[in-house]
């Protein structure tokens, strides 16, 4: 029976978020928000019931949308991860994580407070994913692995689907998938079959930083503003599971 093994690495944005579960980060909801301010009205006319509600964009927050139900009531929908980001004009815009072609011949997330770029094709000389938020920038590239021998990253062309890009056969029987979320980037290293040189003992990365410094604490890498020491990003400790999630 074939067994797939996943190695997971997650990059979290720390400027506004704290860890939440395995695959996301979230911030505590502001105290002045409630889960819903809908008022139920049993006397709705059939005409009102058929009307579409309208979002009140001026009432947006990072975590919520508010709607006019067109029956004299409002409703607010709140999520545990961000729905919106504030653009340079001070407007709350919808987060769109889908990857689209960019001017550099690769792919980037469509709209968020941070940008992440991926090369269409990667090899052992690629710069890897480029993450940028405000004046901060990092490049992270998986370069080689160690098992019975040392293998260099093999050339691969990325396949994009929604908010994911997958590079197949970057090593023998090993692929990598990157997922862009509301406030995280997740890397899945997928081992579909036992590699001929054995399972990897170590993966090696290069990390280039601009305006950042780093510190490792409890197997997590914290990236700080190089001047103020404010925490900006965090790289979670990697973990593994098989196709039975064991």
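Coordinate-derived values only; no laboratory data. Quantities reported herein were computed from a predicted structural model and do not represent experimental measurements. Methodologically, a virtual Cβ is constructed for each residue, glycine included, from the backbone with ideal geometry; neighbour enumeration extends over all protein chains shown.
One decimal place: the segment residue 227-residue 135 gains 31.9 nm when fully extended, by the rule 0.36 nm per residue minus the C-alpha distance.
Report the Rg/Rh value for segment 126-216, based on alpha-carbon coordinates and the Kirkwood definition of Rh. If you can, show how the numbers build up before the last one.
Working: Rg = 14.3 Å, Rh = 14.4 Å.
On the Cα set of segment 126-216, Rg over Rh gives 0.99.
Only Cα sites of segment 64-198 enter the Debye sum here, all with the same form factor; the resulting log10 I(q)/I(0) across q = 0.10, 0.11, 0.20 1/Å is -0.44, -0.51, -1.16, listed in q order. Ordering 146, 180, 116, 160 from the fewest to the most neighbouring beta carbons within 10 Å gives 146, 160, 116, 180. Name the residues of segment 153-176 whose amide N is less than 12 Å from a point 7 angstrom out from the Cα of residue 121 along the C-beta direction? Only 155-158 fall inside the zone, counting backbone N under 12 Å.
What FRET efficiency comes out for residue 214 versus residue 96 if R0 is 30 angstrom and r is the Cβ-Cβ distance? Round to the nearest 0.05.
Once rounded, the FRET efficiency stands at 0.55.
Subtracting the Cα-Cα distance from 0.36 nm times the residue separation, let me have the gained length for residue 53 to residue 74 in nm, one decimal. Mind dumping the intermediate values first?
Numbers: separation 21, 0.36 × 21 = 7.56 nm, distance 0.91 nm.
Separation in residues times 0.36 nm, less the Cα-Cα distance, equals 6.6 nm.
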